[in-house]
1. Could you compute the longest span of the chain free of GluC sites (Glu not before Pro) located in DSSP loops and having at most 12 other Cβ atoms within 10 Å, not counting the site residues?
2. Just going by the charge dipole of the chain, with Lys and Arg at +1 and Asp and Glu at -1 on Cβ, which of PRO206, ILE602, VAL222 is farthest out on the positive end?
3. How do CYS21, CYS601 rank when sorted from fewest to most other Cβ atoms within 10 Å of their own Cβ?
4. Would you mind computing the Rg to Rh ratio of the chain from its alpha-carbon coordinates, Kirkwood style for Rh?
5. Just to compare against my own numbers: the Cα pair-distance distribution for the stretch 475-554, 5 Å bins, whole % per bin, please.
6. Taking N as the number of residues in the stretch 1-159, what value does Rg over Cα atoms divided by 2.2 N^0.38 Å take?
7. Which FRET efficiency, nearest 0.05, do TYR580 and ASP279 yield, Cβ-Cβ r, R0 56 Å?
8. Quantify how much of the Cα-Cα distance distribution of the stretch 17-109 extends past 14 Å, in percent.
Amino acid sequence: MFEKVLIANRGEIALRVIRACRELGIRTLAIYSEADVDSLHVQLADESICIGAPPSSESYLKIDRIMSAAEVGDVDAIHPGYGFLAENAHFAEVCESCNIHFIGPPASAMRAMGDKNLARQFARKAGVPVTPGSDGVVTEEAEALRVAKKVGYPIMIKAVAGGGGRGMRAAHNDASFLPAFHAARMEAEKAFGNSDVYIEKLIVNPHHIEFQIVADKHGHVVHLGERDCSIQRRNQKVIEECPSPLMTEGLRKKMGHACVKLAQAVGYQNAGTMEFLVDKSGHFYFMEMNTRIQVEHTITEEVYGCDLVKEQIRIAAGERLSPHVARASPRLHAIQCRINAEDPATNFQSSPGRIAFYYAPGGRGIRVDSHAYTGYVVPPYYDSLIAKLIAVGASRNSTIDRMRRALDEYYITGIKTTVGFHGAIMRSMEFREGKYDTGFVERLMNSDKFAIIDLGYVNAENAPAILEELIAGEIDIVQLRGKNRSLDELSALAEKLLTMSANIPLIANDHAEIAQRVQVQGVHVGQDDASIEKVRAQIGRSIVVGKSTHSIEQAVAAEREGADYIGFGPIFSTPTKPDYSPIGLAQIREVYERVSIPIFCIGGIKSENLTQVIAAGAKRVVIVSGLLQANDIAGYARACKELLRREHDQVTTNH
């Protein structure tokens with residue numbers, strides 16, 4: 001076994017490796033940049049050496065400085081963690097040339113699987129399904145366009161050296177292809193120093209499933225099941241769970257066998273992850289392999305009862321797979337939320353700065369991997385991840401409930417975080433029922449324009465024509481409202497409108513019974529209606545439930561009750577809410593700060609006052625009379641939507 005290990009990383013993963021080393025009786029050497037002098041990994045390591053200025057290009061990516069620290073510290077091995085140099089084959093070779101063990105796969109395997117295009121070729125040879133696409137790298141516009149047309153839109157352009165969602169662009173037609181092609185190449189060059197890209201078929205709204213592989217130096221390769229990483233934002237993972245709600249025993253066996261076969265084909269050693277897209281029919285397609293420990297390795301550890309970081313170290317030291325790892329089987333359910341220093345209300349802008357107060361949740365079945373503490377300064381130079389919150393339970397539902405409770409207990413002040421955003425996802429019925437995919441977060445966050453077909457303003461026979469204009473006006477959500485109309489009349493009209501609005505959610509106002517008769521996508525309830533829990537139980541299927549709120553206290557209560565979104569108003573006086581005084585503009589910003597689920601401001605909002613509402617902090621609005629009484633409903637809707645986006649972009653830029 002090693003005597004001393006250098007950790008070539010920072011943050012929570014550096015702490016994770018230090019703790020594993022301590023349990024194995026191994027001394028540790030931390031490296032750090034000037035920005036991380038007060039970081040916990042520096043304080044808890046046995047020794048520490050500063051290797052440069054804050055930017056990673058001047059510190060954590062400087063191979064010569066890391067190796068100098070290794071020589072000074074007289075270490076036996078280097079653990080790269082994830083990110084930075086973790087998948088750099090040259091770094092692994094430099095370590096070996098200096099007689100220092102690299103705790104990871106051999107450089108040959110890293111080269112074979114680290115290049116995404118080469119990895120696809122190995123997968124094909126091993127008989128592992130891959131998404132249709134180019135046979136290799138494409139560099140010329142004409143060739144790229146030819147491949148795109150042959151594969152068929154939509155397609156994804158991906159950097160061969162990519163990761164973390166960078167160097168990736170989708171294209172849905174010829175017009176969008178060339179701009180996306182050049183944008184992907186430019187981003188790849190900037191991020192990885194390699195502009196090479198390949199093209200593959202875009203599987204629309206799939207599940208993103210990855211398999212954990214562990215292999216020793218004696219030819220033993222096993223898989224430790226899957227993790228579902230489908231909850232993503234801009235191709236970056238947000239929430240992971242193990243096992244996947246999509247998985248069956250048959251599919252797990254088939255995919256696991258394919259992973260082991262591919263790992264053996266490239267002579268893989270140590271821990272690694274095979275990533276796949278899985279469509280709704282259960283067909284799976286190899287995407288790439290991550291030749292390192294993953295951020296989300298924690299949930300596999302909890303479900304399979306093993307320590308993957310200690311296993312990495314043992315394998316690098318020449319030991320055989322631990323018996324409990326070689327024979328591991330799933331026994332629990334686990335979910336991980338990545339807590340980032342980001343502000344969901346401003347398009348997830350990073351939020352560096354000093355943490356004024358930090359309190360992490362605890363209790364049975366809760367694990368927190370974090371380097372944060374009260375007084376810690378989150379630097380602006382690195383990834384925004386400050387903690388990983390893991391909940392473990394005997395069943396998926398109990399794990400979700402435990403995670404929701406833990407998120408409610410998590411207090412971090414002084415900076416913005418994604419704690420509340422995760423809480424909103426845990427309360428979403430789409431997530432709770434496991435009926436989500438990689439488009440879930442974008443659908444949740446991108447709806448900003450809500451229209452109501454109010455039968456108090458329009459005749460029922462005109463509703464279909466109005467819906468056509470709303471669709472042409474790029475409305476995101478439509479609600480059908482008919483005060484004092486019969487349930488039969490509203491149900492029949494909803495059924496007719498549904499045939500016209502396949503791509504736009506149709507929400508029934510007040511009447512949960514409509515959702516029992518017609519497959520509307522949601523129900524909106526008021527303060528005097530049944531509770532959200534009762535509405536869901538009454539309908540008996542996965543459905544969006546929104547709630548009207550008329551104060552900040554009601555808005556906060558609606559989120560805790562489990563609403564998927566809220567209406568907040570009336571902002572101005574309106575004849576549709578004669579019993580409520582206008583809230584005004586002053587409370588809009590505060591409600592966005594206190595509530596994480598989507599908020600739609602409503603009540604008296606029209607094109608002429610929309611700029612005021614946006615300036616007050618609104619991100620989403622509902623327009624009723626101004627829209628329905630416009631001469632050109634589609635044009636009015638488009639103009640409001642464009643104003644909403646333009647003004648919001650301006651507010652975000654000036655933030």
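1. Longest run free of exposed loop sites: 141-607.
2. VAL222
3. CYS21, CYS601
4. Working: Rg = 26.4 Å, Rh = 26.6 Å.
Reported Rg/Rh (Cα atoms, Kirkwood Rh): 0.99.
5. With 5 Å bins starting at 0, P(r) equals 3, 16, 29, 24, 18, 8, 3, 0.
6. Compactness ratio reported: 1.31.
7. The pair TYR580/ASP279 has a calculated efficiency of 0.75.
8. Of all Cα-Cα pairs in the stretch 17-109, 65 percent lie more than 14 Å apart.
Rule-based calculations on the coordinates, nothing more; no lab input. No experiment lies behind these values; they were computed from the predicted model shown. A quick note on method: Cβ atoms are made from the backbone with ideal geometry, for glycine too, and the neighbour counts reach across all protein chains shown.
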